[in-house]
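One structure is given here, and the rest of the page talks about it.
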Amino acid sequence: ARDDVAYVLVFENRGPEVGATIAHPHGQIYAYDSVPPEPLRELVDGVLDIPDADDPLVVCAAGDWLAWVPHAAMWPYELRLAPTEAAGSLCDPDCDRDGLAALLVDVLARLDQLFDAPMPYMLWIHQRPTDGEAWPQARVHLHITPLMRSPGVQRFVAAAELGAGVYFNPIDPADAAARLRALPGHPGEPR
């Protein structure tokens with residue numbers, strides 16, 4: 001609600017491999033005086049394609065939320081989480097935060113089981129800016145970028161990828177989704 005804040009980014013870095021300096025789960029919140037380039041690009045380009053529940057890239061769901069591997073994932077086992085019903089931010093009254101919490105517990109449990117070790121990852125939430133604009137196309141969603149491509153092997157971004165802006169994921173997104181879907185999630189509500 002502050003006039004000097006146009007965008008709020010909630011994020012978590014887990015594991016020393018991604019720069020986390022504290023060895024327990026913790027997140028951070030940054031407030032920006034303008035909408036940063038990446039969330040702005042998503043808002044302008046409308047790049048969030050939420051699949052149907054029966055899409056082979058879907059991993060699991062909980063409440064109004066769905067988790068899937070993006071069609072053109074840049075990171076092995078990368079995930080997106082979004083509500084199937086429109087909600088622009090976590091603060092919207094119609095945002096199913098309980099569903100999000102259940103889904104988040106589920107997918108993070110699956111990632112930890114993937115290689116029988118805590119998965120280092122980066123997680124961030126994109127949501128409606130707070131700059132006073134309407135942003136009717138805004139849809140709250142999460143990005144989760146796990147770092148490991150196989151046990152003990154990190155995914156590094158190469159110069160050809162950064163230099164060209166074309167990324168080569170060593171794991172086929174459909175294979176990643178199938179592998180994650182086959183793992184038991186956290187016991188409870190998620191399906």
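The values are calculated or read from the model by the stated rules, or taken from the named source; none is laboratory data. Being a predicted model, the structure only gives us computed values, none of them experimental. FYI the Cβ positions are ideal-geometry reconstructions off the backbone, even for glycines, and counts take in every protein chain you see. These area figures cover heavy atoms from the full protein model, side chains too; ligands, DNA and RNA do not enter into them. Shrake-Rupley method; radii C 1.70, N 1.55, O 1.52, S 1.80 Å.
Overall, the accessible surface of the chain at a probe of 1.4 angstrom is composed of carbon and sulfur to the extent of 56 percent.
Averaged per residue, the stretch 58-182 has 44 square angstrom of accessible surface, using a 1.4 angstrom probe with ligands and nucleic acids left out. For the peptides 26-36, 133-143, the ranking by mean Cβ contacts within 10 Å, running from highest to lowest, is 133-143, 26-36. Given the C-alpha centroids of the stretch 40-83 and the stretch 1-31, what is the distance between them in whole angstrom? Between the Cα centre of the stretch 40-83 and that of the stretch 1-31, the gap is 21 Å. The helix-based estimate of mean residue ellipticity at 222 nm for the chain, built from -39,500 (n - 2.57) per DSSP H run of four or more residues and divided by its residue count, is -7000 deg cm²/dmol to the nearest 500. Applying the Karplus relation 6.51 cos²θ - 1.76 cosθ + 1.60 with θ = phi - 60° to the stretch 48-54 yields 3J(HN,Hα) values of 8, 9, 7, x, 5, 4, 8 Hz, where x marks Gly and Pro. Most tightly packed first, judged by the mean number of other beta-carbon atoms within 10 Å of their residues, the peptides 44-56, 96-108 read 96-108, 44-56. Among [x] 51, 43, 31; [y] 46, 41, 33; [z] 52, 34, 30, only one was calculated for this model; which label is it, if the read-out is Cα extents along the principal axes in Å? The calculated read-out lines up with [y].
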